[in-house]
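What follows is calculated from the coordinates using simple rules that are stated; it is not laboratory data. Keep in mind that this is a model prediction, so the values were computed, not measured. Note: ideal-geometry Cβ built from the backbone for every residue, glycine included; neighbour counts use all protein chains shown.
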Amino acid sequence: MASRSVNKVILVGHLGRDAETKFTPSGVSVTKFSVATSRRWKDQQTNEWKEETDWHNVSLWRAENLAQYLTKGKQVYVEGRLQNRSYEDKDGQKRYATDVVADDVILLSSGGRGGEDGGFSQEPRMVSQPRSAAPRQAAPNFSSPASAPAKESESPFDAGISDDDVPF
């Protein structure tokens with residue numbers, strides 16, 4: 001039997017810069033942005049709280065209409081895989097980088113520039129479709145929190161999961 005492996009990343013963090021979309025020579029779009037994640041712990045010796053922030057470079061393929069929604073400061077959920085690459089810097093030195101290639105990106109807050117709530121919106125908004133779903137055909141439907149709530153059967157987030165099922 002062949003051995004199996006897993007390359008999966010889940011990030012919940014804040015966008016460090018506005019997303020930028022570029023196109024390959026063949027016309028395929030790639031949207032790039034950075035996500036900051038932080039962790040806190042109490043130093044055992046000094047009894048002080050310490051915090052560490054990690055920055056992650058993220059690429060999202062074939063989603064050119066999303067960059068306008070992915071602006072600095074907004075909180076996002078990113079699911080994808082790690083990809084290593086190497087390149088030469090301007091001095092000719094070989095450099096290595098690890099990036100996240102996103103499959104799904106979900107906007108968790110409207111925060112960031114122009115946002116009024118600064119935290120979680122009333123309902124998370126999906127900005128990309130899972131790879132297992134039908135191919136992307138139209139722009140995602142962004143409903144405003146003030147709009148009428150969707151019927152239970154219409155919600156793409158209602159899969160019989162309650163708050164008690166979420167590990168964080």
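Overview of values
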{"item": "19 Å tail of the calculated P(r), the stretch 1-66, as % of Cα pairs", "result": "57 percent"}
{"item": "Which of E79, E51, E20 has the fewest Cβ neighbours within 10 Å, and the rest in rising order", "result": "E51, E20, E79"}
{"item": "Neighbour-count ranking [beta-carbon atoms within 10 angstrom, fewest first] of L60, L82", "result": "L82, L60"}
{"item": "Y77, Y87 arranged by Cβ crowding within 10 Å, fewest neighbours leading", "result": "Y87, Y77"}
